[in-house]
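Contents: one structure, followed by commentary.
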Amino acid sequence: MNTETNMAIAEAVKDDVVKSEASNENPARLTSRLRWILAIVIIADVLDLMDSTITNLGAPTIVREIGGGEGLIKWLGASYALAMGVLLVVGGRLGDKYGRRNMFLIGIWGFVVASLLCALSFDPTMLIVCRLLQGGFGALLIPQGFGILISTFSREQLPTAFSVFAPVMGGSAVLSPLVAGFLIDANIAGLTWRPMFLLNILLGGFGIYASVKLLPHDEPDPNVSIDGLGAGLLAASMLGIIYGLIEGSTAGWTIVPILSIIAGVMFLVGFAIRQRVATRPLILPSLLGNRGFSVGMLLGLFFFAAISGFTYVVSLFYQTALGLLPSQTALSIIPLMVGLIIASIVGRPLIAKLGRTMIVGGLLITFIAAVGLWATVMIAGINVSVWALAPSNFVLGIGMGACFGSIFDVAIGDIAPEEAGSASGTLNAVQQIANAIGSAVVTTIYFGQVASHGPAQAFTTSIAVVGSITLLCLALVWLLPKSAPQEPTA
């Protein structure tokens, strides 16, 4: 760590106790210590954002180097999202029980070590296991950040802190694939794709150093109970279903993948029963009985699975069919990311006012963009130019951005205040699980079509699937509450 960083942190440590900041003339002002704490939390979110997306770009290169074929491509994204989704709610409870600072440090240390192991992976099995570890430690890390901010910042300072997130995370969403693409193409020291994960060591290492110095100590609550059985049933169900889908579509529908899916469904039923009898369930039974919340959970599962799988397929099509380098692919998806960021920033203040109308608009825009992409590739085939796809990608990003924040905010529009914490954690977990399912299912459709009809038809079929799921979501959206809470849950 350089001298300038040491001095800057040392100065921040000398600040008064964080809570005393509310007595300043401007109670919303952030001192240097608070800004450092905010930066630490943002670093954790950026690490998660990077590692949930970079393998979309690096998958073809990784498979060329260490093998694994279609199966590895499907598991690269699914394994991370699966572990993250299954353990996310448990991670938040562990922070309450053992202390948010402790869990944050364990999470970021584990994430960095898992990233190093990903970079050192020499075969597909090791890489998949390490991606599971990344997602698991990420599930310990990410839930603590929001709690740390709530307990550290005053009521007047929180809006200032949260206003930083949108532009920083938006910029990271654009820069992450660009950095990953250029790192792969640079082939530093002959390492090809491995620097994508080594970058986490630099960013995470700084986060560890600053966390030890600056994160406030909080009191663990040994009275917090954690439904380990419920978490185990959920993990077994999701692993069984996703393993069955990937193995069956890759190696053939033998008895093993079929039994895996059946077992996964049975474990899922067991999980649902457990939530009704557990003293401290992961999902409150009252939430499952709330029509708006249940529909929002289902709608989010469909939409995020479709979009997650499709963005994976875009990267595969650009690299394997159009022959683009990873860096060129990253540049080609910038219109989509820019549209998403614009819609997210512009739409956020409108969610409480427009409610489900905003979701309807986002879904319609997504469907129109899907039709545009489908028509463009149908006409030009694999000779299509990325410039020809750019307008539809931009519109698609706007549709995605309009839906991303609004679906879950509207879903909690009529829940009780005491259910908000459980609802938010559950919906975030659903989004991660949807990412895992989408990575497995949509790429399976793509590869199945490539083998029989070529990449152009594979791409248009994938688009048609996304469009069909969007229409299904349009049918479901009318069952959501009409409006979101006045202060949407982050």
Cα-based Rg / Dmax (Å) for segment 160-249: 20.0, 52
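For segment 221-307, count all C-alpha to C-alpha pairs, find those more than 23 Å apart, and express that count as a whole percent of the total. Before the final figure, lay out each step's value.
Details: 1353 of 3741 pairs.
Value for segment 221-307: 36 percent of Cα pairs lie more than 23 Å apart.
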Sort segment 78-192 into rounded, prolate or oblate with this rule: let a ≥ b ≥ c be the square roots of the eigenvalues of the Cα gyration tensor; rounded if a/c is under 1.5, and if a/c is not under 1.5, prolate when a/b is larger than b/c, oblate otherwise. oblate
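Could you work out [θ]222 nm for the chain from helices alone, using -39500 (n - 2.57) per DSSP H run of at least four and dividing by all its residues? Round to the nearest 500 deg cm²/dmol. Before the final figure, lay out the partial values.
Details: 19 runs with 383 residues, N = 490.
Computed mean residue ellipticity for the chain: -27000 deg cm²/dmol.
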Sequence ranges 320-327, 471-478, 306-313, ranked by mean other-Cβ count within 10 angstrom, highest first: 306-313, 320-327, 471-478
Considering segment 393-471, what Rg and Dmax in Å follow from its alpha-carbon atoms? 16.5, 53
Would you please put 72-80, 365-373, 138-146 in order of how densely packed they are, using the mean number of other Cβ atoms within 10 angstrom per residue and starting with the highest? 72-80, 138-146, 365-373
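Just to verify a number: FRET efficiency for LEU288 and ILE262, C-beta to C-beta distance, R0 = 25 Å, to 0.05? It would help to have the intermediate numbers written out before the result.
On the way: r = 23 Å, r/R0 = 0.91.
It comes to 0.65.
If you add up the charges near GLY95, with Lys and Arg at +1 and Asp and Glu at -1, over every other residue whose beta carbon is less than 14 angstrom from its beta carbon, what do you get?
Values: positive: ARG93, LYS97, ARG100, ARG101; negative: ASP96, ASP218, GLU219, ASP221.
Neighbour charge sum, excluding GLY95 itself: 0.
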Expressed as a whole number of Å, what is the distance separating the alpha-carbon centroids of segment 37-55 and segment 136-202? 2 Å
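Quick note: the coordinates plus some simple rules give every number you see, no bench work behind them. The structure displayed is predicted, hence computed values, not measured ones. We place every Cβ from the backbone using ideal geometry, glycine too, and count neighbours over all the protein chains shown.
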